[in-house]
1. Of all residues in region 198-219, count the ones that are at pLDDT 80 or above and in a strand (DSSP E or B).
2. Kindly indicate whether Arg290 is surrounded by fewer than 20 Cβ atoms within 10 Å (Cβ to Cβ), part of a strand (DSSP E or B) and in contact (Cβ under 8 Å) with a residue 40 or more places away in the chain.
3. Considering each of Phe271, Phe278, Phe296 in turn, give the residue that is modelled with pLDDT under 85 and in a strand (DSSP E or B).
4. How many residues are farther than 14 Å from Leu406 by Cβ and part of a strand (DSSP E or B) if we restrict to region 433-455?
5. Which members of region 114-138 meet the condition of being assigned to a helix (DSSP H, G or I) and either at pLDDT below 85 or under 15 Å from Thr175 (Cα atoms) (or both)?
6. Gly300 fails exactly one of the following numbered conditions: (1) on the phi < 0 side of the Ramachandran plot; (2) surrounded by fewer than 17 Cβ atoms within 10 Å (Cβ to Cβ); (3) not charged (D, E, K, R). What is the number of that condition?
7. Condition first: under 19 Å from Met453 (Cα atoms), in a strand (DSSP E or B) and at pLDDT 75 or above. Now tell me which residues in region 342-385 satisfy that.
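The values are calculated or read from the model by the stated rules, or taken from the named source; none is laboratory data. All values derive from a computational prediction rather than experimental measurement. Ideal geometry is used to build each Cβ from the backbone, glycine not excepted, and the neighbour counts take in all protein chains shown.
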Amino acid sequence: MRIRKTRILAELRWRLSELRWRLATLPRRSTRLRLADLRWHAGELRWRLAGSHRLNRLSRQMADLPWQLFDRKRLLIAGGFAGISVFGGVAATAVVVPADSVEMQTVVERLAVAPQELPAPSLPFVYDDTINPSDTLQSIFRRLGIADPEALAFVQNKKEVTRALRQLRSGASFTAIVDVSGRLLSLCLPLASSDGYLEVARAALDKPLRIATVPNAALTAGVEMRTGVIKHSLFAATEAANLPDSVAAQLTDLFGTDIDFHADLQPGDTFSVIYETFYGDHGIPLRPGRILAAEFINQGKRYAVFRHTTSSGGSEYYSSTGQGLRSTFLRSPLEFTRITSSFGRRLHPVLGNWRNHQGVDFGAPIGTPVRAASDGVVSFIGTQGGYGNIVVLKHQNNVSTAYAHLSAFAPDLHIGDAVTQGENIGQVGATGRVSGPHLHYEFRINDVAQNPMTVALPGATPLTGKELARFRENTRPLLAQLALLNYRIAANDEKKNKL
């Protein structure tokens with residue numbers, strides 16, 4: 001008998017859970033069908049509950065079931081509902097009220113809000129802006145909302161201001177303070193020739209404007225981050241990303257060994273740069289500094305570099321694995337240029353006959369700076385026949401490099417002087433036997449010319465042991481910042497695709 005009661009109780013619990021499941025999975029059925037299901041299952045449960053000593057607990061659970069008939073989609077008015085007991089049955093009545101019979105009324109109540117008068121702004125506006133390629137004093141005043149003809153006439157008539165503005169490159173930062181009425185209070189332009197700035201300011205609105213050259217007592221170093229996508233050329237991409245020219249030049253130096261920027265770039269390649277910026281006393285960005293970390297994705301392949309100061313105090317650039325990035329030689333002695341004549345046999349543009357071309361010609365405007373491809377010593381500086389003005393540098397391991405057709409040599413450069421990699425040694429010209437301005441660059445091993453674009457260049461010594469561990473620890477935050485820049489590029493691409 002006890003086994004039979006236990007089995008009945010187990011079956012009752014199963015029936016109870018089944019009833020709850022049925023009620024929960026019938027959202028679209030009418031309330032009357034729900035009540036019919038309840039009556040049928042309740043009647044069956046009443047018959048099976050007879051003789052059980054746990055009726056009270058199950059009766060309370062059954063009494064709660066009718067409330068599951070009420071949901072948010074139907075309006076029900078329960079007329080009465082009786083619980084379950086051993087000697088009783090289940091009785092329930094419900095009246096369904098159609099939704100369209102309920103009268104709905106919209107009530108709009110006006111709330112009295114006392115108007116509050118806001119105080120008129122009194123603090124001046126502070127602008128931190130950058131120089132655009134076609135900027136003039138008029139366009140700067142118009143962009144910043146400066147309505148001050150007196151100040152515009154004043155700065156236009158001052159040679160110091162026009163000279164400072166003309167010397168600023170596109171992307172250079174400046175600050176201005178403008179009164180709420182549009183009157184100019186202060187204009188600070190960084191000086192390209194020093195770490196100071198030129199300040200045009202007035203002590204008060206009723207005071208005249210004055211010009212002063214202010215030196216900086218100390219510079220404050222900050223960090224800037226830029227990212228860009230190659231569409232047509234690296235130069236156009238760095239301009240669009242507002243990357244300073246000196247930082248763009250460092251970028252080509254760092255990746256110039258792995259990437260041929262004249263032939264390897266493809267639309268869609270991306271770069272990310274983290275670099276130093278030095279600020280003056282007024283918070284004006286005066287000049288950019290060194291690259292701290294950079295990443296270049298070329299044709300789907302990732303290249304990354306990090307500046308690391310070793311325990312001995314020396315600072316160099318390394319790859320993400322700790323391999324020294326600084327190659328012994330640069331692939332190109334120019335920053336931004338194109339190859340106009342490759343290494344090998346060619347038809348001479350002036351003589352008109354076929355002969356071997358012992359170097360590579362880089363097309364560039366006259367006056368473009370020429371850099372030393374590696375550390376070395378000046379072995380010749382002067383004029384040599386068809387080479388025109390030429391500089392020859394002697395390097396280690398019987399390697400020498402030659403830079404021909406120069407328009408000028410670097411000041412105070414003489415035979416025997418030591419030069420470092422990237423140092424300016426002259427300017428592009430059109431001297432000698434040439435048809436136009438360009439740089440002729442030769443790479444010689446034991447006085448035999450080699451192709452500078454394909455010759456194997458030795459690398460630097462990699463980091464190991466404790467120094468490698470220090471490098472990984474120091475570069476961890478830089479890796480996080482590069483990942484953030486990559487996320488911004490991906491987010492912009494996704495946004496463009498949706499548009």
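1. Total satisfying the criteria: 8.
2. Yes, satisfied.
3. Working: Phe271 fails: modelled with pLDDT under 85; Phe296 fails: modelled with pLDDT under 85.
The match here is Phe278.
4. Residues that pass the stated criteria total 6.
5. Taking region 114-138 and keeping what is assigned to a helix (DSSP H, G or I), we get 137-138.
Within region 114-138, just Leu137 meets the criteria.
6. (1)
7. Once the filter is applied, which keeps residues that are under 19 Å from Met453 (Cα atoms), in a strand (DSSP E or B) and at pLDDT 75 or above, region 342-385 yields Asn356, His357, Val360, Asp361, Phe362, Gly363, Val370, Arg371.
Yes/no matrix, rows are residues, columns are (1) free of Cβ contacts under 8 Å to residues at least 60 places away in the same chain; (2) surrounded by 15 or more Cβ atoms within 10 Å (Cβ to Cβ):
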| site | (1), (2) |
| --- | --- |
| Arg142 | yes, no |
| Phe154 | yes, yes |
| Gly171 | no, yes |
| Asp179 | yes, yes |
| Ser186 | yes, yes |
| Val223 | no, no |
| Ala237 | yes, yes |
| Leu243 | no, yes |
